[in-house]
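The values are calculated or read from the model by the stated rules, or taken from the named source; none is laboratory data. Not measured: the values here are computed from a predicted model. Neighbour counts are summed over all protein chains in view; Cβ atoms, including those assigned to glycine, are modelled from backbone coordinates with ideal geometry.
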Amino acid sequence: MRWLEPFHTDRVPDPARLGGKGAGLVSMQQAGFPVPPGFVITSDTCRQYFENENTFPDDLWTEVEDAVSGLEEETGKSFGGASNPLLLSVRSGAAVSMPGMMDTVLNLGLNRPAVAGLAELTGNARFAWESYRRFIQMFAEIVFDVPSARLAAAVTSARSRAGAGGGALPVAAEQELVGRLAQIVQGVARRPIPDDPMEQLRLAIGAVFDSWTNRRAVDYRRTNNIPDHLGTAVTIQTMVFGNAGGESGTGVAFTRHPATGEPTFYGEYLPNAQGEEVVAGLRTPLSLGALSEQLPSIHQQLTEIAARLEAKYRDMQDIEFTVEHGKLWMLQTRTGKRTARAAVRIAIDLVHEGIISREEAVRRVTPGRIDELLHPVVKPGPADVVLAVGLPASPGGASGTVVFDPDEAHELAAQGHPVVLVRTETSPDDFHGMVAAAAVVTTRGGVTSHAAVVARGMGKSCVVGCGDIEVDYGAQLFSASGTEVSKGDWITVDGTTGSVYQGRVETASPELDEYFETLMDWADGFRRLRIRANADTPGDARTARQFGAEGIGLCRTEHMFFGEDRTAAMREMIMAPNAVLRAEALAVLEPLLTHDFEGIFEVMDGYPATVRLLDPPLHEFLPGHAETVREIVSLKLHLREAVDLVDIDRLLAEINRLEATLDRIERVSESNPMLGHRGCRLGIAYPEITEMQARALFTAAVRCHDRGIDVQPEVMVPLVAFPSEFRSQEALIREVAGRVFAEHGMSVAYIVGTMIELPRAALAAGEIAQDAEFFSFGTNDLTQTTIGLSRDDSGRFLPGYISRGVIQEDPFRSLDIDGVGELVRTGVERGRASRPDLKIGVCGEHGGDAASIAFFDEIGLDYVSCSPYRVPVARLAAAHSALQV
Ligand code: PEP
Ligand code: MG
């Protein structure tokens with residue numbers, strides 16, 4: 001068959017062709033597990049469907065008819081028949097799992113004669129009519145786009161008329177409801193749901209294909225970088241009924257705990273229910289422990305199958321099962337989604353159990369996931385109030401203001417406001433709101449509900465099944481523990497413990513466990529690139545070392561000039577009318593800087609520390625223009641009213657001082673400060689600034705060396721464009737070093753190098769490397785100046801560029817390899833051509849981005865340097881690059 005594949009095929013199932021779900025079912029069937037018979041329409045068919053302007057390929061229908069006849073033969077049932085009717089499920093299933101993003105139709109094949117047949121077969125008319133009603137509801141919504149709220153409202157009012165609450169409806173009520181739903185369908189869709197089961201099937205298959213392009217599926221693909229052209233397969237399978245009454249039920253299970261990774265069989269079970277109810281989270285399910293009490297032999301069988309599935313797939317599995325009249329059926333198995341913490345633990349445990357290699361364990365954890373492990377944890381104080389406790393569905397702590405509407409969450413987050421999305425439950429339509437929210441809370445559902453699965457996939461803090469919370473959407477508030485919390489109020493969500501707190505609760509960095517350390521150790525064994533950190537203070541340097549940084553790749557000295565005791569002296573220096581006064585101000589700063597450098601060298605004992613000379617334009621250290629003008633005006637107003645001579649003198653002196661500042665602000669202000677008087681251009685104009693920094697640095701180095709600390713200073717000149725700029729600064733640095741060493745009667749080894757952050761520097765790298773002993777690519781400025789794209793302002797229009805597909809990625813986040821990357825490659829080649837042992841690193845933000853790291857590895861850089869919290873991500877990304885993941 002060209003367009004489809006029956007479950008009982010001999011071919012090796014290919015997830016790209018059959019979708020993850022279809023391939024899993026075929027391989028379970030091949031392994032002899034109890035799988036209800038079915039077949040898969042391949043994803044090639046879906047692609048063909050879209051190419052043919054949403055029409056089926058020619059022979060598809062004949063193949064489907066044959067396959068359905070095959071199912072009738074295999075099961076002894078008849079499709080749409082009045083006795084022993086065959087019912088089918090029609091499900092989407094892409095190669096990459098997109099949980100809940102596309103559509104499914106269940107109970108297909110029902111019409112009035114088949115309902116009678118089903119009632120007769122099962123001896124349960126209520127069940128037969130309920131199945132029919134559910135089919136109509138689903139078909140109407142998915143295939144005819146009838147608003148689900150209208151259908152649900154009819155069900156709710158039938159329930160309240162029958163006094164059924166959340167329980168089953170009597171037969172007569174179900175029959176009446178079927179009639180009512182049919183009227184709604186006719187009114188909205190202007191056509192009835194077809195009775196012919198093959199026609200039902202044809203429409204349902206088309207609707208599932210179409211669901212590949214619905215908004216939530218498209219959003220999900222964007223967020224998860226899944227290509228649009230893949231298309232979905234459609235799995236068509238004989239229905240089994242978890243809601244068939246006694247000894248029936250349905251559940252979801254994980255072969256290991258999806259949140260912690262512990263090797264325990266873990267899952268949820270809903271007696272007398274259909275699968276969709278577990279995932280929708282409308283009823284809170286029981287644990288698998290309850291299943292072992294109610295149906296011990298089923299539990300036993302399930303446990304054995306789970307173990308065999310895990311051994312077969314060599315990874316934790318997420319399985320769906322149904323029990324129909326005491327018979328177990330396996331409906332799905334797939335590699336289970338897990339938290340980052342669980343991903344690491346499972347990978348390590350599988351190595352210890354001899355199932356996978358260390359290399360595979362390292363490959364299995366993506367660098368982005370490590371980032372999640374470094375998420376803040378909530379540190380509540382005694383005064384913090386817990387509003388409610390639910391199920392901890394996805395770990396990490398986050399605070400935000402409450403919103404109830406996903407669109408509003410999306411809007412507020414776009415304006416930079418952290419929000420927590422609070423819902424009774426979430427549906428796939430809420431996906432964009434969940435992406436935008438800092439955390440998600442639901443009042444219903446279990447840890448496999450939609451909210452939980454989606455949040456875990458995104459590494460977003462999430463608490464579900466929080467029954468203590470009662471949401472009032474109309475009044476835009478929720479109440480919990482006697483407290484009312486309105487839209488806009490702050491709450492804090494702890495997805496690790498399940499607690500929801502009032503207000504903003506303190507959060508702290510997480511403690512990393514032994515599994516994390518083991519994985520990092522293994523990754524270090526594979527990588528070639530060295531990883532350093534960008535750290536400006538001894539505190540940052542300590543964090544960097546704790547995360548495994550092998551040195552500092554960038555210490556931005558300007559950050560040392562900020563701070564209460566320093567800004568005033570720095571201003572004095574900038575304001576100084578001549579070199580003598582400037583030297584006086586610098587003399588105040590020098591001991592402070594020396595002290596800081598000593599702190600950094602102490603922490604970096606045995607590791608290199610690259611210290612960069614002052615870089616940003618001077619006006620960054622002065623007060624703002626408008627603010628100074630305002631202050632002068634206000635003082636002048638006071639002066640008019642002043643009568644006391646002492647006051648007048650004081651005010652005049654203050655006005656004079658501020659006017660001098662204003663004059664200086666005006667003189668140093670620039671139209672394009674990022675392209676102006678900054679970097680080495682400052683050091684060339686004011687050599688005394690470079691001198692002071694070099695003296696502080698070498699004095700600190702010598703003092704530490706004297707105390708037995710292994711200091712490895714690397715002095716870096718910023719924003720070099722011309723080789724002569726570098727030479728002049730280098731000469732000054734070496735001269736100061738010589739003087740300091742002579743004064744102390746001892747010397748330390750050091751090197752002098754440069755940032756390569758301007759296109760001219762990359763092109764002139766050959767000549768620059770004749771003098772520079774190392775290069776560090778400043779890819780932030782290099783991106784800005786290569787693309788001609790402002791670092792500070794591009795955020796206003798770049799998101800539009802990305803959403804319109806003009807560019808795929810923000811080039812300040814992930815290196816523009818074709819453009820900026822070419823200059824980096826050129827810089828490396830030319831630099832090494834004139835100095836083969838030239839040490840080369842990168843210290844722009846790209847040093848912590850996995851895709852960029854792979855490129856830097858490929859072109860032979862020695863190290864990358866990134867913020868301390870990204871060091872583990874970079875360590876793993878460098879290992880992945882070395883392993884060619
Ligand atoms: C850079 O430009 O990439 C860099 C690291 O320097 P800064 O971000 O301080 O300009
Ligand atoms: Mg820079």
When residues of the range 760-798 are filtered for being of a type in the set (Ser, Thr, Tyr) and more than 16 Å from ligand 2 (Cβ to nearest atom), how many remain? 0
Checking the condition in contact with a Ser or Thr (Cβ under 8 Å, 6 or more places away or on another chain) and under 22 Å from Leu373 (Cα atoms), which residue from Ala342, Ala347 passes? Ala342
Listed residues Leu88, Leu60; which is of a type outside the set (Gly, Ala, Ser), under 30 Å from Asp219 (Cα atoms), in contact with a strand residue (DSSP E or B) (Cβ under 6 Å, 6 or more places away or on another chain) and modelled with pLDDT of 90 or more? Leu88
Filter the range 216-255 for residues that are among the acidic types (Asp, Glu) and within 25 Å of Glu53 (Cα to Cα); which is modelled with the lowest pLDDT? Asp219
Which residues, taken from the range 17-46, are out of contact with any helix residue (DSSP H, G or I) (no Cβ under 7 Å at 6 or more places or on another chain) and part of a helix (DSSP H, G or I)? Gly20, Lys21, Gly22, Gly24, Leu25, Ser27, Met28, Gln29, Gln30
So in the range 826-861, with the set limited to residues that are within 16 Å of ligand 1 (Cβ to nearest atom), under 17 Å from Ile751 (Cβ atoms) and not β-branched (Val, Ile, Thr), which one is surrounded by the fewest Cβ atoms within 10 Å (Cβ to Cβ)? Leu861
Taking the range 669-694 as the region of interest, how many residues are among the small types (Gly, Ala, Ser), within 16 Å of ligand 1 (Cβ to nearest atom) and either at positive phi or assigned to a helix (DSSP H, G or I) (or both)? 2
May I ask you to verify whether Ser747 is away from ligand 1 (no atom under 16 Å from the Cβ) and among the polar types (S, T, N, Q)? yes
Pairing a residue in the range 776-794 that is touching a residue at least 40 places away in the same chain (Cβ under 8 Å) and in a helix (DSSP H, G or I) with any residue that is within 9 Å of ligand 1 (Cβ to nearest atom) and among the hydrophobic types (A, V, I, L, M, F, W, C), where Cβ atoms lie under 6 Å and the two sit 6 or more apart in sequence or on different chains, gives Thr779/Val842
Within the range 10-22, how many residues are closer than 19 Å to Thr232 by Cβ and out of contact with any Lys or Arg (no Cβ under 8 Å at 6 or more places or on another chain)? 8
Give the number of residues within the range 339-393 that are closer than 30 Å to Ile853 by Cβ and at pLDDT 90 or above. 24
Looking only at the range 532-545, which residues are over 20 Å from Asp849 (Cβ atoms) and touching a residue at least 40 places away in the same chain (Cβ under 8 Å)? Thr537, Pro538, Ala541, Arg542, Arg545
Please go through the range 750-765 and pick out each residue that is away from ligand 1 (no atom under 13 Å from the Cβ) and hydrophobic (A, V, I, L, M, F, W, C). Ile751, Val752, Leu763, Ala764, Ala765
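Rundown of residues vs (1) of a type in the set (S, T, N, Q); (2) modelled with pLDDT of 90 or more, yes/no style:
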position	(1), (2)
Asn107	yes, yes
Leu110	no, yes
Ala116	no, yes
Phe127	no, no
Arg134	no, yes
At pLDDT 95 or above, in contact with a helix residue (DSSP H, G or I) (Cβ under 7 Å, 6 or more places away or on another chain) and on the phi > 0 side of the Ramachandran plot: which single residue out of Leu697, Leu719 fits that description? Leu719
Here the residues within the range 540-584 that are within 16 Å of ligand 1 (Cβ to nearest atom) and of a type in the set (Val, Ile, Thr) are Ile552, Thr557
Taking the conditions exactly as written (of a type in the set (Ser, Thr, Tyr) and over 15 Å from Met102 (Cα atoms)), does Thr223 satisfy them or not? yes
Of all the residues that make up the range 717-757, how many are within 16 Å of ligand 2 (Cβ to nearest atom) and either over 15 Å from Leu614 (Cα atoms) or not in a helix (DSSP H, G or I) (or both)? 10
Residue tally, condition in a loop (DSSP other than H, G, I, E, B) and in contact with a Ser or Thr (Cβ under 8 Å, 6 or more places away or on another chain), over the range 374-383: 5
Residue check, Thr335 against (1) in contact with a helix residue (DSSP H, G or I) (Cβ under 7 Å, 6 or more places away or on another chain); (2) crowded, with 21+ Cβ neighbours inside 10 Å, all met but one. Which one? (2)
Within the range 616-651, the residues that are in contact with a Ser or Thr (Cβ under 8 Å, 6 or more places away or on another chain) and within 26 Å of Thr699 (Cβ to Cβ) are Phe621
Tell me which strands (runs of 3 or more DSSP E) are completely within the range 460-504 and hold 1 or more residues being β-branched (Val, Ile, Thr), or say none if there are none. 461-464, 470-472, 483-486, 490-494, 499-502
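Conditions tested, residue by residue: (1) within 16 Å of ligand 2 (Cβ to nearest atom); (2) at pLDDT 90 or above; (3) assigned to a helix (DSSP H, G or I).
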| residue | (1), (2), (3) |
| --- | --- |
| Glu511 | no, no, no |
| Tyr515 | no, yes, yes |
| Trp522 | no, yes, yes |
| Asp536 | yes, no, no |
| Asp565 | no, no, yes |
| Ala569 | no, no, yes |
In the range 719-727, is there at least one residue being over 28 Å from Gly606 (Cα atoms), surrounded by 15 or more Cβ atoms within 10 Å (Cβ to Cβ) and free of Cβ contacts under 8 Å to residues at least 24 places away in the same chain? no
Can you pull out every residue in the range 90-119 that is over 23 Å from Val454 (Cα atoms) and touching a helix residue (DSSP H, G or I) at 6+ places or on another chain (Cβ under 9 Å)? Asn107, Leu108, Gly109, Leu110, Asn111, Arg112, Ala114, Val115, Ala116, Gly117, Leu118, Ala119
Using beta carbons and a limit of 9 Å, which pairs, at least six apart or on different chains, have the first residue in the range 729-757 and more than 27 Å from Leu861 (Cβ to Cβ) and the second one part of a helix (DSSP H, G or I) and within 16 Å of ligand 2 (Cβ to nearest atom)? Leu732/Gly683
Apart from one, (1) in a helix (DSSP H, G or I); (2) touching a residue at least 40 places away in the same chain (Cβ under 8 Å); (3) more than 16 Å from ligand 2 (Cβ to nearest atom); (4) closer than 30 Å to Ala701 by Cβ all hold for Ala609; the odd one out is (1)
